[in-house]
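Structure first, then comments.
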Amino acid sequence: MEIFALHAAAESALESGLLAHLVARPSRAEEAAAALGLDARGVSLVLEVLRTRGLIEADEGRYLIPPRLRRELEGPGGNVPLNSTVWAGTPKLVRSGETLFRGHVGARGAAYSEVVARLGALFEISANTLARALAPDLPADARILDVGSGSGVWSLALLAHRGEAWVTALDLEPVVPRFEEAARARGLTERVDILAGDYFTVEVPRGAFDVIVIANVLHLETPERAVALLARLVPSLRPRGRVVIVDAFPSLDGDGTTRHAAYALHLGLRVPGAYPHLESTVRRWLAERAFDEVERVPLEDEPVLMAALVARQDPASEKRGRD
Ligand SMILES: C[S@@+](CC[C@H](N)C(=O)[O-])C[C@H]1O[C@@H](n2cnc3c(N)ncnc32)[C@H](O)[C@@H]1O
């Protein structure tokens, strides 16, 4: 019975607006019911099921959403309509493997052109945290390559901290306007250029960049493709250049937690072959290419645990030139 109760309670609490209401205003069941025109007894029974599973909390009779779930239920990245569209695809994924985004890169570009601005808003605070940590160690005129740049939220934050730095944004053609709009909005158009195309095939200048940012990209690829992408990009670094990998790393929880499993399912619903690689896995891929100096910059914890790995090669290592 539990699984049915949980499923039914969560669905009706989402669809009726009950959870969104509790984000805005902790309430007793009867207060929430009155505000939303719902039945007080039904609301009370549903909220109790969710409370016993820790999905909501109660304080002196008032129900409230715990901080760790707030971001999932309110904008800009985690609003309910957006999430509902993604999760509604679960039965299709289970039956046929069908995902929201199609596999080929053309479809990917069209899909991401719709969402990257929202992602940019979601990551703005973390991007500034990373830029503050990273910028002081970079040359004033650092050349930065942003791979799968989207809105450019991570690299443009670096430009704001480094007066003569320059960003090259690499993304699929339909997504490029989103980067250009973001650069224009920040008054940074004089210090950016574009490499439009597939990051597996577009020609990237060799030995040209002090920093290569790869943010929220590796989890879109299978392990084999993620490793191939890293191998393809490394020759574009200048000596002692840095690779900056920003991603949702579930490593502090470890594998096997609800948070990791839920995020893996969410990615799996959207992109064929996508998976949240563990931090230890990504560190191993870096070590195999002689990126032995790795600094971890913790970013935000919710809705997923994010961090940046800032990695440099050991110049003496024999693994350096290996492809
Ligand atoms: C999850 S978004 C991340 C955007 C941005 N880095 C951020 O963190 O907000 C992934 C980005 O990778 C781009 N992308 C996906 N596959 C790509 C490919 N094969 N070649 C170039 N860009 C790609 C998408 O268009 C999208 O902008």
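The values are calculated or read from the model by the stated rules, or taken from the named source; none is laboratory data. Treat the numbers as computed from the prediction; the structure is a model and nothing was measured. Here the Cβ is made from the backbone with ideal geometry for all residues, glycine too, and neighbour counts use every protein chain on show. The accessibility values were calculated without ligands, DNA or RNA, using every heavy atom of the protein model including side chains. Shrake-Rupley method; radii C 1.70, N 1.55, O 1.52, S 1.80 Å.
Which far-off residues, 5 or more places away or on another chain, put their amide H under 5 Å from the one on residue 238, with H placed in the peptide plane?
Under 5 Å from the amide H of residue 238 lie the amide H atoms of 208, 209, 210, each far enough along the sequence or on another chain.
Please work out how much length the chain gains when fully extended from residue 295 to residue 278, using 0.36 nm per residue of separation minus the C-alpha to C-alpha distance, in nm with one decimal. Please list the in-between numbers first.
Numbers: separation 17, 0.36 × 17 = 6.12 nm, distance 1.60 nm.
Result for the pair: 4.5 nm of gain on full extension.
Roughly how many Å² of residue 125 are accessible to a 1.4 Å probe, to the nearest 10?
The value for residue 125 is about 130 Å².
Got a sec? What order do 104, 21, 161 fall in by accessible area at 1.4 Å, biggest, i.e. largest, first? List each step's numbers first, then the result.
Details: 104 120, 21 20, 161 75 Å².
The most accessible residue leads, giving 104, 161, 21.
So, by mean Cβ neighbours within 10 angstrom, what's the order for 148-159, 259-270 with the highest one leading?
On the way: 148-159: 26.8, 259-270: 17.3.
For the peptides 148-159, 259-270, the packing ranking is 148-159, 259-270.
Within the accessible area of the stretch 191-263, what % is carbon and sulfur when the probe is 1.4 Å and the other protein chains stay in place?
On the way: 1630 of 2910 Å².
Solvent-exposed carbon and sulfur of the stretch 191-263 make up 56 percent of the total.
Would you calculate the convex hull of the Cα atoms in the chain and tell me its volume per residue in Å³?
Values: hull volume 46.6 nm³, N = 323.
Spread over its residues, the Cα hull of the chain gives 144 Å³ apiece.
Against the 2.2 N^0.38 Å scaling, with N counting residues, where does the stretch 77-224 land? I'd like the Cα-based Rg ratio to two decimal places. Working shown, then result.
Values: Rg = 16.4 Å, N = 148, 2.2 N^0.38 = 14.7 Å.
Against the compact-globule rule of thumb, the ratio is 1.11.
Test of the criteria: in the stretch 9-67, which trypsin sites (Lys or Arg not before Pro) are in a DSSP loop and have at most 14 other Cβ atoms within 10 angstrom of their Cβ?
For trypsin sites (Lys or Arg not before Pro) across the stretch 9-67 that sit outside H, G, I, E and B with at most 14 neighbouring Cβ atoms in 10 Å, the list reads 53.
Where does the charge balance sit around residue 160 when Lys and Arg score +1, Asp and Glu -1, over other residues with C-beta under 12 Å from its C-beta? Could the numbers behind the result be given before it?
Values: positive: 132, 162, 186, 191; negative: 124.
It works out to a net charge of +3.
Among 185-197, 105-117, how do they line up by average Cβ neighbours within 10 Å per residue, starting with the highest?
Details: 185-197: 14.5, 105-117: 16.8.
Descending packing order for the listed peptides: 105-117, 185-197.
Mind ranking 101, 249 by accessible surface for me, highest first, 1.4 Å probe? All intermediate terms of the calculation are to be shown ahead of the outcome.
Values: 101 30, 249 5 Å².
If we order 101, 249 from most to least accessible, we get 101, 249.
Enter the accessible area per residue of the stretch 128-246 (Å², integer; probe 1.4 Å; all protein chains in place). Walk me through the numbers before you get to the answer.
Values: 4570 Å² over 119 residues.
That works out to 38 Å² per residue.
Output ³J(HN,Hα) for the stretch 30-39: one whole-Hz value per residue in order, computed from phi by the Karplus curve 6.51 cos²θ - 1.76 cosθ + 1.60 with θ = phi - 60°, and x for Gly and Pro.
Values, residue by residue: 5, 5, 5, 4, 5, 5, 9, x, 10, 8 Hz.
Would you mind getting me the FRET efficiency between residue 60 and residue 1? Use the beta-carbon distance for r and R0 = 35 Å, nearest 0.05.
Details: r = 29 Å, r/R0 = 0.83.
Rounded to the nearest 0.05, the efficiency is 0.75.
Length gain on complete extension for the stretch residue 23 to residue 137, per 0.36 nm per residue less the alpha carbon to alpha carbon distance? Walk me through the numbers before you get to the answer.
Working: separation 114, 0.36 × 114 = 41.04 nm, distance 4.02 nm.
Result: 37.0 nm gained on full extension.
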